[in-house]
Amino acid sequence: AFMLLGFFTHSITHLEPGVIAIFFSMIMLVVCNHDGDEAIGKAEWGVIIFFVGMFMLVSALEVNGVIELIGIKLISLMGDNPLGLCLTILWGSAIFSAILDNIPFVIAMVPLIHGVISGMPNGAEIAQPLWWSLALGACLGGNATIIGASANVVSTRLAESNNIKITFGKFCKYGIPFTIQSLLICS
């Protein structure tokens, strides 16, 4: 309960959610009298390393200006066409979220959307549809592949630990049509 309270009040306390999670995890180890070595041994290290690498990749794209360059190109291609811009962000974020994990992708896209909004003459009018396009595209695009969303990676690892093999191809066989259908509805 205190950890959830910490998450909800992190903007007031100025503590990062990761710091809150680690702090209360340590308290739980002491309070529950649990062996820390055992808990660390049961961690899904493959999944954790995967996400570390994914966050590093997206951060590298942002630091090297690739995300900003994409935003500039988007504005120049779409001009003053808000529908085209929203559809491009919707479908583009869905495609990238299927390839990259959707959480670090959205984190990297936030400055791009801010840049697009401030770079357009009607930016205030188009802000809400652009944010919805990013949110829907990233969320739904994550359903296309195993690596598209954290939940997909974790659930396939759990299935594997219970002797249920879900291959990348099998996941995509169901995920991609579902994603396309969802995006068509959003469009």
Heavy atoms only, probe 1.4 Å: what % of the accessible area of the range 88-187 goes to carbon and sulfur, would you let me know?
70 percent
With every protein chain kept in place and a 1.4 Å probe, the residues Cys186, Cys172, Cys139 fall, from largest accessible area down, as Cys139, Cys186, Cys172
Dipole magnitude of the chain about its Cα centre, charges +1 at Lys/Arg Cβ and -1 at Asp/Glu Cβ only, in debye to the nearest 20?
540 debye
Give me the accessible area per residue for the range 52-187, probe 1.4 Å, as a whole number in Å².
55 Å²
Could you tell me which of Asn163, Asn33, Ser11 has its Cα farthest along the dipole of the chain towards the positive end, charges placed at Cβ (Lys, Arg +1; Asp, Glu -1), taken about the Cα centre?
Asn163
For Met120, the residues 5 or more places away or on another chain with a placed amide H closer than 5 Å to its own amide H are none
Take peptides 13-24, 158-169, 116-127 and line them up by average Cβ neighbours within 10 Å, highest first, as a rough protection proxy.
116-127, 13-24, 158-169
Estimated D of the range 1-111 in µm² per second, where Rh is the Kirkwood radius over Cα pairs and Stokes-Einstein applies at 20 °C, 1.002 mPa s:
124 µm²/s
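The values are calculated or read from the model by the stated rules, or taken from the named source; none is laboratory data. Model, not experiment: these values are computed from the prediction. Heads up, the Cβs are rebuilt from the backbone with ideal geometry, glycines too, and the neighbour counts pull from every protein chain shown. Only protein heavy atoms, including side chains, enter the accessible area calculation; ligands, DNA and RNA are left aside. Shrake-Rupley method; radii C 1.70, N 1.55, O 1.52, S 1.80 Å.
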